[in-house]
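Everything on this sheet refers to the single structure shown next.
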Amino acid sequence: MAAPELLKMASLAIYQGYFNATYCLKPLVTHDGISVRFRKSDFNHCAYESSNRDGYKDRFSPQRAERLGWIRAALQDPNLVLYAGWDKDKHRYFHDKRVTLMIDDFVVVIRLKSATEATFVTCYVADDPDTKAKILSSPKWINPFI
């Protein structure tokens, strides 16, 4: 599958408006029937990155913002491999977190609340080879509610 076209918008406000209109008005349904809810505040997880890689997202990232349309593509593509999410505090994998790795190393993470409902966690480009390798070595995702 080819990556969706990058969004080239004139301002941060336009990116934010796109995100709100595309994802926050109603849940997005994944290829396997999971209804994913997005909050307006999730825009910060999509369009900002940490300047010090310390988890504090303090810098607008055009690289992330241009890929806002890729979130839908990643969640609705039935051909992508799904991985269990890593909990860095507990040092283990959990299947209530689902990680999707798309073409060009774009990652989307959701957290399941039930077998058919989830919330958006974050998305980013896995530009560090170690990050991509960790995702690829993760267990395949299994819905823990089924």
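Worth pointing out:
- Looking only at residues in region 49-80 that are touching a Lys or Arg at 6+ places or on another chain (Cβ under 8 Å) and at pLDDT below 95, the one that is farthest from Pro144 (Cα to Cα) is Ser51.
- Verdict on Leu68 being in a helix (DSSP H, G or I), within 13 Å of Tyr23 (Cα to Cα) and not small (Gly, Ala, Ser): no
- Residue under evaluation Lys97, criteria (1) of a type outside the set (Ser, Thr, Tyr); (2) part of a helix (DSSP H, G or I); (3) closer than 24 Å to Ile146 by Cα, criterion not met: (2)
- Selected residue (criterion: surrounded by the fewest Cβ atoms within 10 Å (Cβ to Cβ)) from residues of region 109-146 that are touching a strand residue (DSSP E or B) at 6+ places or on another chain (Cβ under 8 Å), in a helix (DSSP H, G or I) and of a type in the set (A, V, I, L, M, F, W, C): Leu136
- Members of region 1-51 found to be among the hydroxyl-bearing types (Ser, Thr, Tyr) and either surrounded by fewer than 15 Cβ atoms within 10 Å (Cβ to Cβ) or within 27 Å of Trp141 (Cβ to Cβ) (or both), listed by number: Ser11, Thr22, Tyr23, Thr30, Ser35, Ser41, Tyr48, Ser50, Ser51
- Subset tally (residues that are without any contact (Cβ under 8 Å) to a residue 60 or more places away in the chain and out of contact with any Gly (no Cβ under 9 Å at 6 or more places or on another chain)) for region 99-114: 7
- Verdict on Ala118 being among the hydrophobic types (A, V, I, L, M, F, W, C), touching a Leu at 6+ places or on another chain (Cβ under 9 Å) and either modelled with pLDDT of 95 or more or under 20 Å from Arg53 (Cα atoms) (or both): yes
- Of the residues screened, Phe106 is not one that is farther than 22 Å from Pro129 by Cα and buried (at least 18 other Cβ atoms within 10 Å of the Cβ).
The values are calculated or read from the model by the stated rules, or taken from the named source; none is laboratory data. Since the structure is predicted, the reported quantities are computational estimates derived from the model, not experimental observations. Heads up, the Cβs are rebuilt from the backbone with ideal geometry, glycines too, and the neighbour counts pull from every protein chain shown.
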